[in-house]
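Accompanying notes for the structure given below.
Since every read-out is calculated from the coordinates, none of them should be taken as a lab result. Please read these numbers as outputs of a predicted model, since none were measured by experiment. Because the Cβ atoms are built from the backbone with ideal geometry, glycine has one as well, and the counts that use them run over all protein chains shown.
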Amino acid sequence: MARSTVLTIVLIAAVTAAGCSNRRVGTPVPVPPTASAGRPATVPAPAPPQRIEDVAPVPPPALVEDAIADRTIDDLNRSSPLDAVFFGVDSADLDAAARAIVTANADLLRKYPTWVVTIEGHCDERGTPEYNLALGERRAAAVRTYLTSLGVAPNRIRTVSYGKEFPFDPAHTEDAWSKNRRGHFVVTSR
């Protein structure tokens, strides 16, 4: 029996020692705030809960990243973002205004790298059909050459000459003829 008593005392001592080792030593005990100047310390009451109205979430506005990119080829060519280049009488030289237009068109073509364009060379009604076809071809080639010098890939640019066959303005005046001497851009593939 003495043996069981000793075993019980050893077990109690071991449990007590194990229980004492879980206590933290030196843990600060929070002290309640003291009253200052004779007034009791007050803890502000929490704000009452506010009602949240049931409002349907407003979806963010649709991003309009690019109004041109979603248009069909026919729509693009109907109101083309690419401007025509105009030439002087019997000339295929690009003046400063024409170079500015081609530069703006090159910027747009770099923005849309999948577009393929055809540059149509046009002339006014004066001159023989052969002369006007050759002049229209030189005009289209001049625009193409300048476009490629601005970094547009040559395989994206086609040229064709229509001579005097498709005038912008069918009148027989200098004003009409100046509109018809042009390099016209047509988007042929996207």
Worksheet entry | the stretch 73-189 - Debye-derived log10 I(q)/I(0), Cα point model, q = 0.17, 0.20 Å⁻¹ | -0.76, -1.03
Worksheet item: With a sphere of radius 13 Å drawn around the Cβ of Ala100, what net charge do the other residues whose Cβ falls strictly inside it have (Lys, Arg +1; Asp, Glu -1)?
Response: -2
Worksheet item: Once both labels are modelled 7 Å past Cα along the beta-carbon direction, what's the Arg126-Thr148 spacing in nm?
Response: 3.2 nm
Discussion item. Given points 7 Å out from each Cα along the Cα-Cβ axis, report the Asp75 to Val43 separation in nanometres with one decimal.
Written reply: 6.5 nm
Response to the item:
So, over other residues within a Cβ distance under 9 Å of Val160, counting Lys, Arg +1 and Asp, Glu -1, the net charge is -1
